[in-house]
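Here the structure comes first, spelled out in C-alpha cells, and everything after it is commentary.
Where a number appears in this text, it was derived from the coordinates with a stated rule and is not lab data. Note that this is a predicted model, so its numbers are computed, not measured. In this analysis, Cβ positions are derived from the backbone assuming ideal geometry, glycine residues included, and neighbour counts consider all displayed protein chains.
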Amino acid sequence: MTIGNMKFDYIDRNLKGSFKGLSDEFDIVLTNTHDLVIVEVKYNFYPNDVKTLLKKIDNFRILYPLYKDYKIFGGIAGLTMPQEIIDIAKEMGFFVFSQEGNDIQVLNGSTPGFL
C-alpha cells in the first residue's frame, strides 16, 4: 500500500499488546523500514475519537519499543466522515481515509507531520 510518497510493506490488523498493566488494540498498523501509520477505524467518528488516537499512539510507543526510531503517523478511517471530523484530524496531522466505492481514498494525500 502506498500513502503519499510512502510505500508500506506490512499491514497488521487488530494488533493487541499489553505491558505492565497497560493494554491497547490497534485497528490497522502499516509499516515499512522506517515509517509506521496507526489507523483507527470506526463506522462513525466523533471529535473525541480523533483525540483518543493521540493516546493510542503514546500507548503504542510504550507497548512496542522496537519501533522507537520510526516516524509514527496517525490516521482515521470511516464509512461516514463529517467535515468537522476531517478538519480536526487534518489539524492534528492525521491521515484521513474514506471509502469510495470499492476503493480507499486518502482525503489528504500529502504526508502530515509525524508524531
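For the Cα atoms of the chain, what angle does the longest principal axis make with the long axis of helix 47-63, in degrees from 0 to 90, nearest 10?
The answer is roughly 30 degrees.
When ranked by the protection proxy of mean other Cβ atoms within 10 Å per residue, highest first, what sequence do the peptides 70-81, 2-13 form? Mind dumping the intermediate values first?
Values: 70-81: 18.8, 2-13: 12.2.
So the order, starting with the most tightly packed, is 70-81, 2-13.
State the extension gain, in nm to one decimal, for the chain segment bounded by LEU22 and LYS68, taking 0.36 nm per residue of separation less the distance between their alpha-carbons.
Values: separation 46, 0.36 × 46 = 16.56 nm, distance 1.73 nm.
Contour length minus Cα-Cα distance gives 14.8 nm.
From the list (1) 17.2; (2) 12.2; (3) 6.9, can you say which value of mean projected area of the Cα convex hull in nm² was derived from the structure given?
For mean projected area of the Cα convex hull in nm², the calculated option is (3).
Would you mind telling me the antiparallel percentage of the DSSP bridges in the range 17-115, rounded to 5?
Antiparallel bridges: around 45 percent, rounded to the nearest 5.
To the nearest 20 debye, what is the magnitude of the charge dipole of the range 2-106 about its Cα centre, counting +1 on the Cβ of each Lys and Arg and -1 on the Cβ of each Asp and Glu? Intermediate values should be presented prior to the final figure.
Working: 12 positive and 15 negative charges, 80 e Å.
So the dipole magnitude of the range 2-106 works out to roughly 380 debye.
Can you give the helix-only mean residue ellipticity at 222 nm for the chain, where every DSSP H stretch with n ≥ 4 adds -39500 (n - 2.57) and the sum goes over all residues, rounded to the nearest 500 deg cm²/dmol?
Details: 2 runs with 26 residues, N = 115.
Result for the chain, helices only: -7000 deg cm²/dmol.
Roughly what would the spin-label model give for ASP12 and ASN44, points 7 Å off Cα along C-beta, in nm?
With each label point 7 Å from Cα toward Cβ, the separation is 3.2 nm.
Could you pull out every one of the aspartates and glutamates with an alpha carbon less than 20 Å from that of LYS20, ignoring same-chain neighbours closer than 8 positions?
ASP58
How many angstrom lie between the C-alpha centres of the range 57-107 and the range 25-54?
Measuring centre to centre over Cα atoms gives 5 Å.
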